[in-house]
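These notes are about the structure you will find just below.
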Amino acid sequence: MNEQQRKQASQIKQGNPADVKSDSDANLDRLKNMDSDEMIGKYFQTTYEPPNLKKAKKRLKKDVDIHYDFSIPKEMQSIGDGKKFLIRTYGCQMNEHDTEVMAGLLTDMGYQLTDDTKQADVILLNTCAIRENAENKVFGEIGHLKPLKLENPDLIIGVCGCMSQEEAVVNRILKKHPFIDMIFGTHNIHRLPSLLKEAMFSKEMVVEVWSKEGDIIENLPKVRKGRIKGWVNIMYGCDKFCTYCIVPYTRGKERSRLPEDIIQEVRHLAAQGYQEITLLGQNVNAYGKDLDFEYGLGDLMDEIRKIDIPRVRFTTSHPRDFDDRLIEVLAKGGNLLDHIHLPVQSGSSAVLRVMARRYTRESYLELVSKIRKAMPNATLTTDIIVGFPNETDEQFEETMTLVKEVGFESAYTFIYSPREGTPAARWEDNIPMEVKKERLQRLNALVNEQAKQAMEKYEGEIVKVLVEGESKKNPDVLSGYTERSKLVNFRAPKSLIGKIVDVKITKAKTWSLDGELAEQTAGVL
Ligand code: 5AD
Ligand code: SF4
């Protein structure tokens, strides 16, 4: 804590004693008087529950409170004046978007963004728990941050996101990385200002991870990463409990935002000139199931279709909940793009059953043919896991044939990674790593081949590209994406950044297309 913070902190204490002596403060007082192991045990008894399938499955559908009255505590509103923050984000778009909210909170407290760890006064690691390698990366980064903390003891380092919802992770940080100042969970993001205040006061690590979820906090501030594409949460959590997946534990039960709140946010983005939005949820097709009126993703998309924003995407879909109403609405086209990311995970009905995916190879293929009938040009992409416990060679071959049959144009492919607390983690992880790697390699070769073939069809075609900025490899080249999510590189004036332009494709590569401005666009420059 530096001198200025100390002064502000003491003012806070005097100014609002009730606020200062919160439950968490009481916890901290207790922590200070305990030795390490006892501290961990007691702490978790009171505020933290580890992933527990039985309890998690029993969670109630009701009890979702929506709060519209969020505000930053007065004494924290300028605590960051003259100071800087940095947030490292790991994992999915949901995390990217949570980072935008935390950046909004910190900005409203006066902090400014920096990308230099040495200049930062607050560093947050927004973590991902989906696979073991994601977690290893975070622990590696925690190690790198230690010298910074030794150099600058006033630096506040926080770990948040999905990993902080795991008991084992919190224990490991408490024991092995005591220089971390705070750990907070995915349901505690709105508490960041108060937690930061505690971290500034306290000599102990501040830990606040709620297992109980159920609330939706509207009107949290956001600092969006760009002004061209924006993310909009439509729901939180997941109730599917696929047997390999940690998400239902780290993100809690399904909670849908009200349609009017979503529509207002989309309208607002449209008014600000955003060209594309992506509706976000762990299983967007379950949208509305928890609302107390009949309303689903199809209904929501049908309303958003009418808003004047050029492109609307959504992710991620679950095949089981992908209903006819949604297909009917998507087929109307307009700003609803016909790229559908539809994770299949495996092509074998037997594996899908043990994954608890609740569909079969056949019903997945039926859904694909319905989608293709309604949207003949739709691009389909997917997620696949190889090496699930007991997956036989034949079952893996079924995945290969499914990939060919559907004609996925790209796929995120993963080696199965046991996640503590999930049902699959209790089963023997019995596929040898060489076999897993070999399967992954064969699958990737097939996916790459299909990706390349799909790209080649674009040669000579004119496509609409939303220009996002300079290419990472060459600043003289602009990059953007087509409606069907193909990356296009082309030379054009920078004034086109943020616009949707026609580009003629000259060359197809496996993962990108080269092009040149089409005459009609070039003519109006
Ligand atoms: N191991 C490997 N991959 C996983 N995924 C989710 N959990 C695991 C796991 N335990 C993959 C799924 C999911 C994507 C986001 O991550 O394919 O769709
Ligand atoms: Fe995980 Fe997706 Fe299954 Fe939910 S639907 S449990 S997020 S894989």
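When the charge dipole of the chain is built from unit charges on Cβ atoms (+1 for Lys and Arg, -1 for Asp and Glu) and taken about the Cα centre, the candidate among Ile234, Val101, Val503 whose Cα reaches farthest toward its positive end is Val503.
Compared with the alpha-carbon gap, the fully stretched path from Asn136 to Phe179 is longer by 13.7 nm at 0.36 nm per residue.
The dipole here belongs to region 280-333: it is taken about the Cα centre, uses +1 on the Cβ of Lys and Arg and -1 on the Cβ of Asp and Glu, and is about 340 debye.
Could you compute the FRET efficiency for Glu96 and Ser495, with r as their C-beta to C-beta distance and R0 at 25 Å, rounded to 0.05?
Working: r = 27 Å, r/R0 = 1.09.
Between Glu96 and Ser495 the formula returns 0.35.
With both labels modelled 7 Å from their Cα along Cα-to-Cβ, the Ile66 to Trp511 distance reads 3.9 nm.
Evaluating 6.51 cos²θ - 1.76 cosθ + 1.60 at θ = phi - 60° for every residue in region 170-181, the Karplus couplings come out as 4, 4, 5, 5, 4, 7, 9, 10, x, 6, 5, 8 Hz, glycine and proline recorded as x. For the chain, the residue among Pro193, Asn133, Ile246 whose Cα projects farthest onto the positive side of the dipole built from Cβ charges is Asn133. When the Cα gyration tensor is reduced to axis lengths a ≥ b ≥ c, the ratio a/c is 1.5 or higher for region 283-432, and with a/b above b/c it is classed as prolate.
Only DSSP H runs of four or more residues enter the estimate; each adds -39500 (n - 2.57), and after division by the residues of the chain the mean residue ellipticity at 222 nm equals -11000 deg cm²/dmol. Remark: the chain carries a charge dipole of roughly 280 debye about the Cα centre, counting +1 on each Lys and Arg Cβ and -1 on each Asp and Glu Cβ. Obtain the nm distance between the two label points defined at Tyr412 and Glu328 by a simple spin-label model: each point lies 7 Å from its Cα along the Cα-to-C-beta direction. Label at Tyr412, label at Glu328, 3.1 nm between them. Think of the chain as having a plus end and a minus end, set by charges on the Cβ of Lys, Arg, Asp and Glu; of Ser346, Leu279, Val209, Ser346 sits farthest toward the positive end of this dipole.
Would you kindly state how much longer the chain becomes between His190 and Glu260 on full extension, computed as 0.36 nm times their sequence separation minus their alpha carbon distance, in nm to one decimal? Walk me through the intermediate numbers first.
Working: separation 70, 0.36 × 70 = 25.20 nm, distance 2.14 nm.
Between His190 and Glu260, full extension yields an extra 23.1 nm.
Rounded to the nearest 0.05, what FRET efficiency is calculated for Lys452 and Lys473 with R0 set to 22 Å and r the Cβ-Cβ distance? Working from the Cβ atoms, E equals 0.70.
What is the order of Trp210, Trp231, fewest Cβ neighbours within 10 Å to most? It would help to have the intermediate numbers written out before the result.
Working: Trp210 18, Trp231 22.
By the 10 Å Cβ count, ascending: Trp210, Trp231.
Distance between the modelled labels on Lys373 and Trp427, one decimal in nanometres: 3.3 nm (7 Å Cα→Cβ projection). Quick one: grab the alpha carbon gyration tensor of the chain, order the square roots of its eigenvalues as a ≥ b ≥ c, and give me rounded if a/c is under 1.5, else prolate or oblate depending on whether a/b is larger than b/c. Note, shape of the chain comes out prolate.
We did not get these values from a lab; they are worked out from the coordinates using the rules stated. Note that the structure is a prediction, hence the values are computed from the model and not measured. No Cβ is skipped: glycine too gets one built from the backbone with ideal geometry, and neighbour counts run over all protein chains shown.
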